Amino acid sequence: MIGKAKSISHGINDIRYITGESRNKKHPERIFHVGDNLLPPGLDATGIWDSMRLTLEKSKRVKNSVIRIEVSPAPEHTKDFTIDDWQRLWDDFTDEFDNIELLDKNGKTYSPKTALKGSKGTVWLHLESKSGIPHLHGAFCRIDERGNINNDHDIHLRAQRAAERVALKRGWTTAAEVRETNIGQVNRDCMETLQSMESWSWDEYVARLRSKGYEFWELRDNKKICARLRAEERQRQIQGFRTRQGAQPHGDQT
């Protein structure tokens, strides 16, 4: 299952898209309302946005006012789903999403827990126009009903991990499968980085991978030579390298 999230400034446009009211949506008949959160019933896209704007007036600091979310399970897992089943899947996803706290390498919180459950939002089921593959779209207010800002730092990681947790709990995938997916992505990022370099430089290699969102901790031997490097995408360990400083690393999965 795949989870995506991003905070955006064009909230009304996104709400019109996911509700099927946008001119850019060619098949509104393939869109179905799943549910709303803390909103009056029966609102159209403009009504949803107006309600969110009332909450957003509590804070002038928010530029990106809406959190856009997409949840895409494998079609074989949802072929007999009813709207109630999709609602339960969304509830499971937001429970995990809100429960995730992102930590830095020192164990300090840099992205605290969110409160989508306490924020105005709307959720819709879309069917792909050609394949018919279903996926969920959600739009939620950045400000919750207590006036707190839903933190959006590395929000894409929060969505990805929430989707992984839900899939694991439902038996749709295993921890090993998740790990294999992560390792494959790291290998691709490392090879693309190496191939883009005109000449080998350890410092440049590390800097380029850091720009992709990875963090590194060098583990040195008793001669103070870098013998092993641990690479993490923020707080998740996904790849290790055994190397000697001055030589190109080779992927050695941990």
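The values are calculated or read from the model by the stated rules, or taken from the named source; none is laboratory data. Keep in mind it's a predicted model, so treat the numbers as computed, not measured. We place every Cβ from the backbone using ideal geometry, glycine too, and count neighbours over all the protein chains shown.
Total residues in segment 121-156 satisfying the condition of being outside any strand (DSSP E or B) and under 17 Å from the mean Cα position of the chain (by Cα): the figure is 8.
Within segment 50-64, the set of residues being at pLDDT below 95 and among the small types (Gly, Ala, Ser) comprises just one member, 59. The set of residues from segment 31-47 being acidic (Asp, Glu) and under 24 Å from the mean Cα position of the chain (by Cα) comprises just one member, 36.
Only residues that are closer than 19 Å to residue 173 by Cα, modelled with pLDDT of 95 or more, touching a strand residue (DSSP E or B) at 6+ places or on another chain (Cβ under 8 Å) and in a helix (DSSP H, G or I) were counted in segment 75-92, giving 3. Taking every residue in segment 127-146 that is farther than 18 Å from residue 68 by Cβ and in contact (Cβ under 8 Å) with a residue 12 or more places away in the chain and pairing it with any residue that is surrounded by fewer than 20 Cβ atoms within 10 Å (Cβ to Cβ) and small (Gly, Ala, Ser), at least 6 positions away or on another chain, the pairs with Cβ-Cβ distances below 7 Å are 145/118; 146/118. All conditions in (1) among the basic types (Lys, Arg); (2) surrounded by 16 or more Cβ atoms within 10 Å (Cβ to Cβ); (3) under 20 Å from the mean Cα position of the chain (by Cα) hold for residue 16, with the sole exception of (3).
For segment 188-202, residues that are touching a strand residue (DSSP E or B) at 6+ places or on another chain (Cβ under 8 Å) and not in a helix (DSSP H, G or I) total 0.
Within segment 19-52, being loosely packed, with under 15 Cβ neighbours inside 10 Å and assigned to a strand (DSSP E or B) holds for 32, 33.
A quick yes/no check of all residues on (1) over 30 Å from residue 28 (Cβ atoms); (2) surrounded by fewer than 20 Cβ atoms within 10 Å (Cβ to Cβ); (3) in contact with a helix residue (DSSP H, G or I) (Cβ under 7 Å, 6 or more places away or on another chain); (4) modelled with pLDDT of 95 or more:
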{"residue": "94", "(1), (2), (3), (4)": "no, no, yes, yes"}
{"residue": "105", "(1), (2), (3), (4)": "yes, yes, no, no"}
{"residue": "125", "(1), (2), (3), (4)": "no, no, yes, yes"}
{"residue": "128", "(1), (2), (3), (4)": "no, yes, no, no"}
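Figure legend. Inter-residue proximity from segment 21-32: first residues more than 12 Å from residue 129 (Cβ to Cβ) and among the basic types (Lys, Arg), second residues at pLDDT 90 or above and surrounded by 11 or more Cβ atoms within 10 Å (Cβ to Cβ), beta-carbon distance below 8 Å, spacing 6+ or different chains. No pairs are indicated.
Scanning segment 195-209 for residues that are surrounded by 14 or more Cβ atoms within 10 Å (Cβ to Cβ), among the aliphatic types (A, V, I, L, M) and in contact with a helix residue (DSSP H, G or I) (Cβ under 8 Å, 6 or more places away or on another chain) gives a single hit, 209. Scanning segment 170-180 for residues that are at pLDDT below 90 and surrounded by 14 or more Cβ atoms within 10 Å (Cβ to Cβ) turns up 173, 178, 179. So is residue 157 aliphatic (A, V, I, L, M) and modelled with pLDDT under 60 or not? Judged against the criteria, residue 157 is not a match. For segment 103-120, the tally of residues that are of a type in the set (Lys, Arg) and either touching a Lys or Arg at 6+ places or on another chain (Cβ under 6 Å) or assigned to a strand (DSSP E or B) (or both) stands at 0. Test residue 184 against the criterion of being touching a residue at least 24 places away in the same chain (Cβ under 8 Å) and either loosely packed, with under 14 Cβ neighbours inside 10 Å or under 29 Å from residue 44 (Cα atoms) (or both), and give yes or no. In short, no.
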